[in-house]
Structures are given as C-alpha cells and as structure tokens.
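Bear in mind that the values in this text are calculations on the coordinates, not laboratory data. In this text the structure is predicted, and so the values were computed from the model without any measurement. Using ideal geometry, Cβ is built from the backbone for each residue, glycine included, and neighbour counts are taken over all protein chains shown.
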C-alpha cells in the first residue's frame, strides 16, 4: 500500500473508533447526567421547605426545595430570592396592614373584603397603575398569607393569588362557586381588544380583554366564564363572572433581559388559550426556587426534580388538546448558551426547531408532533415546549456539554483504542519505509 494510502487508512480507523461516541445516545437519554434527587432519595423533591400547591384548589405560586443544611436554609432562601430579582424571574414584596410594596407590583389590600386598590406594575423604568380597584363580590376572606413573591387569601371556596413577578399576575380561583370580579381601569388605561367566540373570534373556551396604556399591555381572561365591559361616569369596568373556574390578569413583561418579540408572541398565545403554564426556576448549590403560573383551567404543573442543567416536570390537564409550556431559567441554572439543549417527553427525546412559530402554532396530536424551541439564550433562557395531547406527562429538560461523551468510560476507552491503533499503524508505516 502506498504511504499516502496507509495514512488515509490510519485516519479512517481512528475516526471509526471515536465517531460512535458522538453518535451515542448517552447525552440524549441522560446516561451521562448525574442522578436526580428523585433517583437518589426516592422522593424527587429534596427538602421541600414550602410549596403553594399543597392543599390548594389552584396550584400556581412559589416553592422552594432545599438541598443543604437546615441551619443555613433561611440564608440561602434570601440569597436565591435576590438572584431571582436580579434576573427578573420573581421577587419578594413586603406586606403590612394592607400595604403591599413589591419589586414589580404595589397595591393596597382590604383584609375584610379582599378588595385591591391602586394596582400598579413596573413597566420598563416606570410604574403604571392598571386598576383603581379590583372588587370581588361577596368575598369574606381569611387573613392573607405572604410568602416570597406570593400573597394568598381565601374563604374556603374562592381564593386570591397575587404574584410579585414581571407579569404582575393576579389570579382569582373559584371552587364550584359563582364569583364576580370587577376590574375598574385606571385613568388612561384603554380597552384595546375583546377576544372570544361571541365576538367572532375563532378561539373558543376563553374570553379575554386586552388593555393598554402607552406601550404597556395586559390581559384579563377567564375560561368558561363571561366578560362584559361598562363605561360610565364612574369609569370603565371589566366585569368577569365564572362558576368553578378562574379569572386572571397578566401583563406583558418589558425587561432588558427578555426578547420583546418572543414576549409579544407569548402574550397572544395566552390570549388564544394555547399557553398552559409558565415556570421560572433558579437552581443554586442543590436547592431550587421556582414560580409557577397556570394559565388554563384544570391544568397542573409540578417540579419533580431540579438540578443545575437538568429539571424534571410533571404536567397534566383534563383537557386533552395540545398545549404550550414555557420555562424561564437564569444562565447559571441552564447553561443554554454553551451547551446542547435536550427535551424529552415521557422519556423520549423530542425535536428542536429554530423556528419559534412552528412551536407557537403547532396543532398536531401525535407523539412525533411534540417540539421545542429556545426563544432566547443569555441572562435569561426561555424554552417553549409543545405537548401534543394531554393526560399526565413528564417533561425532562437537560443542558448537556457537547464533550460530555468524551469523558465517559466508553469515550475514554474509545480514545485509548484509537490512539493505540494510530501508534501501531505508525510503527508499521515506519517499518515499511525501512
């Protein structure tokens, strides 16, 4: 064999030995990932210091999973809350005697009636008052409880959940009880659009009103409820009624670390009743702090396990139609900028697309219709996932190093074998030259 041919042969052998490492499913099926708390302890939740979903008729709220020494738990909670505020994932507000002073929202709260007044939300570099008041008819709540970024109050059949986060989320949930909520718009807040089948929209099952003030926009929505608007000498009111369902207000975030194009698309997918939930997550030193917002009736989301570069969720819905799930991470929790993103649905890897519209407007119902896209990488990473049909599903999101397989036993063995082949072949080549 000519010397040139021998060299090509040597290179081919080395490539054949190393190539399977990069093609192996180790990084795709989690084979190279560390065991999750679920696999290590069997409970999947670590030390769950607090969780709003426990015992609630609606599950959105905040939670904290502690993975360290109990002695330092309070300190780490404070540090992680500060990190969440820095990345604008969630925050914490102070509350005393009806005055709520938050990082993103401010308001006054009547502990006797549950009425909220002067509901104000941070938008860019200004504070915008959306509502003069939010009144719940015939509501007699227990004393409110504030933990982290959430104020919660209920009377056993109706509950209020208010989030101090970039969306300024205000949620009223009715448990098989008729409820009327009246939103009185503040000055210069206008009704921009009314959505629902009664108004000729193609979307059914949700009625919504989009309101605006300058560049700021927000939505008031309900599933299987009714919305009416009234304008008079007393101002403009958006009146929402529902029976055993939910009513929500959510603003479109306008932050320097978020893609306005992506947020615009997400805002309208919410109005169109396609977005099932949004989860913001921060992981530090084995602990996790998260904020969950559920946007559809009877949709449930739960954090099963959370580690750096890997999170496992459980999502479920009584409505079988496909839905979107939005995940927000900071750059340290999920290193999307320098690692490969992998998403699995019920243990099977789903396809990634660089075209967000393919996910936003996905409509298939088969397993191979599942897809995800990374909306942005940077200070905050946003991942949008389409789940094509529903009962209960597990979603696994991993950020895997492209070199992870090289450090595995298989990878090291293959490299050693390749080097050995090259060395032997080189000796033969030298011998032939003599």
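For segment 230-320, just say rounded, prolate or oblate: build the C-alpha gyration tensor, square-root its eigenvalues into a ≥ b ≥ c, call rounded for a/c under 1.5, and beyond that prolate if a/b exceeds b/c, oblate if not. It comes out prolate by the Cα gyration axes.
Taken along the Cα-to-beta-carbon direction at a fixed 7 Å, the label points for residue 298 and residue 193 span 2.8 nm. Summarising the label geometry, the points placed 7 Å from Cα in the beta-carbon direction at residue 86 and residue 175 lie 3.9 nm from one another. Stretching residue 215 away from residue 391 to a fully extended chain increases their span by 59.5 nm, per 0.36 nm per residue minus the current alpha-carbon distance.
Taking a ≥ b ≥ c as the square roots of the Cα gyration tensor eigenvalues, with a/c under 1.5 meaning rounded and otherwise prolate when a/b beats b/c, else oblate, which class fits segment 128-198? Because a/c hits 1.5 or more and a/b fails to exceed b/c, segment 128-198 counts as oblate. As a proxy for reagent exposure, 255, 260, 270, 360 were ordered by neighbouring Cβ count within 10 angstrom, fewest first; the result is 260, 255, 360, 270.
Hey, what did segment 91-254 get for relative contact order, percent, Cα under 8 Å, at least 6 apart?
Values: 421 pairs, mean separation 30.5, N = 164.
Taking the mean separation of contacting Cα pairs over the length of segment 91-254, I get 19 percent.
Exposure proxy for 258, 296, 339: other Cβ atoms within 10 Å of each Cβ, ordered fewest to most, give 339, 258, 296. Checking the a/c ratio against 1.5 first, then a/b against b/c, what shape does the Cα gyration tensor give for segment 69-120? Oblate, since a/c reaches 1.5 and b/c is not below a/b. Considering only Cα atoms, the convex hull volume of segment 91-254 works out to 109 Å³ per residue. Our estimate of slack between residue 352 and residue 78, defined as 0.36 nm per intervening residue step minus the Cα-Cα distance, is 95.1 nm. Using the Cβ-Cβ distance between residue 137 and residue 363 with R0 set to 45 Å, the FRET efficiency from 1/(1 + (r/R0)^6) comes to roughly 0.75.
By the count of other C-beta atoms within 10 Å, a proxy for reagent exposure, 194, 128 are ordered fewest to most as 194, 128.
Computed over segment 275-392, the convex hull of the alpha-carbon atoms projects to a mean area of 6.7 nm². Once C-alpha pairs closer than 8 Å and six or more residues apart are averaged by separation and normalised to the residue number of segment 77-143, the relative contact order reads 20 percent.
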